[in-house]
Amino acid sequence: MSFSFSPPSPPLFNLTQPFSFPPNLLPDDASPEWMNKADNAWQLVAATLVGMQSVPGLIILYGGAVKKKWAVNSAFMALYAFAMVLVCWVGWGYRLSFGDKLIPVWGKVYIALEQKYLLEQAYLGMFPNASMVFFQFVFAAITLILIAGAVLGRMNFYAWMLFVPLWLTFSYTFSAFTIWSTEGWLSKMGVIDYAGGYVIHVSSGVAGYTAAYWVGPRLTVDREKFPPNNIIMMLAGAGLLWMGWTGFNGGAPYVASMDASLAVLNTHVCAATSLLTWLILDIMFFKKPSIVGAVQGMITGLVCITPGAGVVQGYAAIVMGICAGSIPWFTMMVVEKKLKLLQKVDDTMAMLHTHAIAGILGGILTGLFSEPHLCELFYGSASKYMGFFHGLRVGTSQSVRLGFRQMRIQLLGILFVVVLNVVMTSLICLFVRLIVPLRMTYEEMEVGDEAVHGEEAYAIWGEGEMVGKYSSYYNDIESPSKSGVISVE
């Protein structure tokens with residue numbers, strides 16, 4: 001017995017009757033004609049996903065990845081930065097980054113709090129400024145939180161409180177305006193930074209490494225032995241970071257489009273490939289599969305694909321993943337161990353390798369693999385965007401010239417971000433040092449959270465009493481209580 005199914009014929013439109021939208025699609029004061037409800041909804045969801053990469057993602061990743069005595073301090077540095085950046089962002093940061101042009105690399109100072117401004121259409125996209133301000137805030141916040149990863153375990157918390165607003169104002173806003181604003185110098189030139197490979201990852205990696213130089217190293221005992229206090233919690237944070245990247249790269253087009261879908265798929269393909277590449281290298285050379293190494297590989301893959309997520313084809317995402325899992329692995333595991341110059345700077349979470357080098361690698365590979373048609377979907381124009389390999393495939397003198405031009409612009413963008421962050425981060429650290437010490441005292445670094453915050457991540461005592469001035473001086477020792485139950489003294 002066989003069955004056949006014929007789909008019903010579509011209803012015929014009566015062209016003599018006036019067409020009207022369903023009531024839920026009719027424009028009104030809350031949903032003006034220029035606003036696309038689907039795009040606005042996706043932009044808010046994407047922003048929330050990116051926000052969750054920081055709170056709680058990086059909070060629990062840092063809290064689990066560091067030594068037990070630094071769990072509270074590391075998590076708190078992330079939480080503080082998230083809150084401080086938001087206040088600065090609506091006060092002056094957003095308009096400096098995306099407002100009217102003051103100079104080719106910086107915007108004019110205005111607040112982003114007025115009802116009239118927030119309910120107007122954003123400079124790009126079919127949604128209001130309020131959505132754009134929030135979306136761009138979570139990117140600014142995660143950049144500062146990533147910088148914190150390089151100075152965990154010794155930076156004075158009061159110095160960090162000053163560093164965050166200063167760096168946001170005098171470093172981040174410059175790179176964001178120059179590369180992402182439609183009026184920015186490199187943006188007009190045609191640099192490709194799809195979702196922040198330059199603005200966020202190269203910036204945070206270089207700035208973090210520079211700050212680590214000025215703050216100085218951890219105590220020798222911490223630097224030589226700094227085991228994660230909770231690998232499972234670290235993995236939970238890494239998982240939030242990975243899945244949150246759906247909003248990170250998927251929200252970059254400012255529209256729920258095919259290009260957003262491609263960016264999301266490429267993002268996860270590159271991350272998975274990079275993780276597996278790093279894992280294979282660990283097994284080949286160290287004879288053990290390392291979960292910490294796998295997380296590093298995941299991060300380098302996510303960072304590497306970010307500047308080109310929606311403008312490269314799927315096979316390029318695989319190639320970028322292989323490069324992201326091998327080149328930063330080599331610089332971290334081989335080059336750093338041989339170069340004494342790199343060993344002098346104590347980069348706690350290896351930000352130089354996982355973000356600066358991976359971001360630079362992504363920018364270069366984006367210049368090689370970007371496709372004009374995909375660039376047209378993202379930028380609305382393909383006239384000045386052509387990957388080097390595509391130019392060679394076309395084979396005309398003009399296409400080859402455009403391919404070389406794209407590579408020059410990508411390298412110029414890298415140079416700009418590196419120089420900007422080395423100079424501005426150094427000046428900010430030197431300024432902060434005039435007000436408060438950049439480093440904790442020796443006693444605070446020896447004790448950790450208890451000395452700095454008066455709190456511990458795992459504060460458990462047998463009778464609810466502390467055994468000394470700082471309980472962190474003592475190891476947790478299990479001993480039988482009078483009732484026969486194991487207690488911790």
Under the definition of Cα pairs under 8 Å and six or more residues apart, what whole-number percent is the relative contact order of the chain? 19
For the chain, the longest principal axis of the Cα atoms and the Cα long axis of helix 314-330 enclose an angle in degrees, to the nearest 10, of 20
Rounded to the nearest 0.05, what FRET efficiency do L430 and R393 give with R0 = 41 Å and r taken as the Cβ-Cβ distance? Could you check? 0.25
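Using the beta-carbon distance between K108 and K288 and R0 = 41 Å, what value does 1/(1 + (r/R0)^6) give for FRET efficiency, to the nearest 0.05?
It comes to 0.15.
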Calculate, for the chain, the solvent-accessible area per residue in square angstrom, rolling a 1.4 angstrom probe over the heavy atoms of the protein chains. 46
Against the longest alpha carbon principal axis of the chain, how many degrees, from 0 to 90 and to the nearest 10, is the axis of helix 291-305 turned? 30
Structure shown: which of K69/K340; K37/K108; K225/K337 lie over 18 Å apart, alpha-carbon to alpha-carbon? K69/K340; K37/K108
log10 I(q)/I(0) for the chain, Debye formula on C-alpha points only (no solvent), q = 0.07, 0.09, 0.12 Å⁻¹, two decimals, reads -0.41, -0.65, -1.06
Carbon and sulfur %, accessible surface of the chain computed with the full protein complex present, 1.4 Å: 68
What is the gain in length, in nm to one decimal, between E443 and L342 on full extension, counting 0.36 nm per residue of separation less the C-alpha to C-alpha distance? 33.7 nm
Compute the helix-to-body angle for 358-369: its Cα long axis versus the longest principal axis of the chain, expressed 0 to 90° and rounded to tens. 20
So what are the three principal axis dimensions of the range 154-228 from its Cα atoms, in whole Å, longest to shortest? 49, 24, 19
Amide H of L102: which non-local residues (sequence gap of 5 or more, or other chain) have their own amide H closer than 5 Å, using H built in the peptide plane? G107, K108
Using packing as a proxy for protection, rank 306-312, 98-104, 258-264, 171-177 so that the peptide with the highest average count of other Cβ atoms within 10 Å comes first. 306-312, 171-177, 258-264, 98-104
The aspartates and glutamates whose Cα lies under 19 Å from the Cα of K344, excluding any fewer than 8 residues away in the same chain, are D222, E224, E336
So what is the orientation-averaged projected area of the range 62-219, using the convex hull of its C-alpha atoms, in nm²? 9.7
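The values are calculated or read from the model by the stated rules, or taken from the named source; none is laboratory data. Model, not experiment: these values are computed from the prediction. Virtual Cβ from ideal backbone geometry, glycine too; neighbours counted across all protein chains shown. Accessible surface is based on the protein model in full, side chains and every heavy atom, while ligands, DNA and RNA are left aside. Shrake-Rupley method; radii C 1.70, N 1.55, O 1.52, S 1.80 Å.
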